[in-house]
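The structure appears below as structure tokens.
The values are calculated or read from the model by the stated rules, or taken from the named source; none is laboratory data. Computed from a predicted structure; not experimentally measured. We place every Cβ from the backbone using ideal geometry, glycine too, and count neighbours over all the protein chains shown. Please note that ligands, DNA and RNA were not included when accessible areas were found on the heavy atoms of the full protein model with its side chains. Shrake-Rupley method; radii C 1.70, N 1.55, O 1.52, S 1.80 Å.
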Amino acid sequence: MPRDAATRVETVPPNVLALLGLPQFGDLTADQVRGAVCVWGSEGLTAERAVDLGEQDGPDGRWWPRGCPACTASRAHRGLFEHAPSCEQCVDSGERCEINRVLYRLVRAGHR
């Protein structure tokens with residue numbers, strides 16, 4: 001998972017983001033859209049604790065959603081159960097699958 005050294009924020013790759021289930025733009029508050037609050041909850045975020053969910057296209061232009069570690073871990077855990085049974089690499093050996101590794105790291109990071 002790429003790491004931004006300036007802000008110490010983890011960046012979630014797009015193929016993993018699809019498994020996390022990013023909320024619809026229209027369902028978010030202004031604080032969630034600007035990344036000050038978790039997109040799945042109401043926890044305020046700091047640069048040190050936020051999980052960067054990447055740059056997204058919204059109806060009014062670009063936006064940068066972020067999640068708290070706990071909500072991201074919960075979503076990643078569900079994503080593992082959705083992804084692994086249908087992934088040939090995961091069925092053979094989960095550590096060979098990049099998606100599995102990123103989801104697993106997100107789960108672990110949320111439980112620290």
With every protein chain in place, region 1-105: carbon and sulfur % of accessible area (1.4 Å): 50
Tilt relative to the chain, helix 98-110 - C-alpha long axis, 0 to 90 degrees, to 10: 60
Protection proxy ranking of 48-58, 62-72, 92-102 - average other beta-carbon atoms within 10 Å, highest first: 62-72, 48-58, 92-102
Global size of the chain as Cα Rg and Dmax, reported in angstrom: 13.9, 43
For region 52-93: accessible area per residue (Å², 1.4 Å): 58
